[in-house]
Amino acid sequence: GRFIKRGIVDGRVRQISNTPLNTEFKSTSSKSQTHIGISVPHYSSMVQLDPDFSVLVDHKAADIDSPNSVCAAKGKSKLTGAQIAGIVIGCVAFATIAIVSVVYYLSQKRKRSFFIKKLNNKL
């Protein structure tokens, strides 16, 4: 693995060792847990470690055919009748609101123009 090999101990670069701890954890097909002990030489004031978290990420893709895999096999994803009905109702509602808004805007614009014409005729 890629664990920490060196660290700055009291201002000097020193070797660091890593040890897997004897602990029992429940591992499942989707997660695994392990404790790693970091052994640092004796220090008097400060230790600086630069962790490399790439070991925490599994770079291997899950095997769909494995019985322990939690990934579902890819299948055809079709829309259900309820989903289609929801999409249609949503589109119709949107179109209705858009049409009503345009008609209302045009009627208000027309009323305004008639009002302005009346005012101009009176003057």
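No value in this document is a laboratory result; all are computed from the given coordinates. Since this is a predicted model, take the numbers as computed values, not measurements. In this analysis, Cβ positions are derived from the backbone assuming ideal geometry, glycine residues included, and neighbour counts consider all displayed protein chains.
Apply the Karplus curve 6.51 cos²θ - 1.76 cosθ + 1.60, θ = phi - 60°, to the phi angles in segment 3-17 and return the couplings in whole Hz, x for Gly and Pro.
Those phi angles translate into 9, 5, 10, 9, x, 9, 10, 6, x, 10, 6, 10, 7, 10, 10 Hz.
Can you tell me the length gained on complete extension of the stretch Phe94 to Gln15, counting 0.36 nm per residue apart and subtracting the Cα distance?
Computed gain between Phe94 and Gln15 is 21.8 nm.
Taking 7 Å along the Cα-to-C-beta vector as the label spot, tell me the Ile36-Ile8 distance in nanometres, rounded to one decimal.
Taking the simple label geometry, Ile36 and Ile8 are separated by 2.2 nm.
Dimensions of segment 79-123 along principal axes (Cα, Å, largest first)?
65, 7, 5
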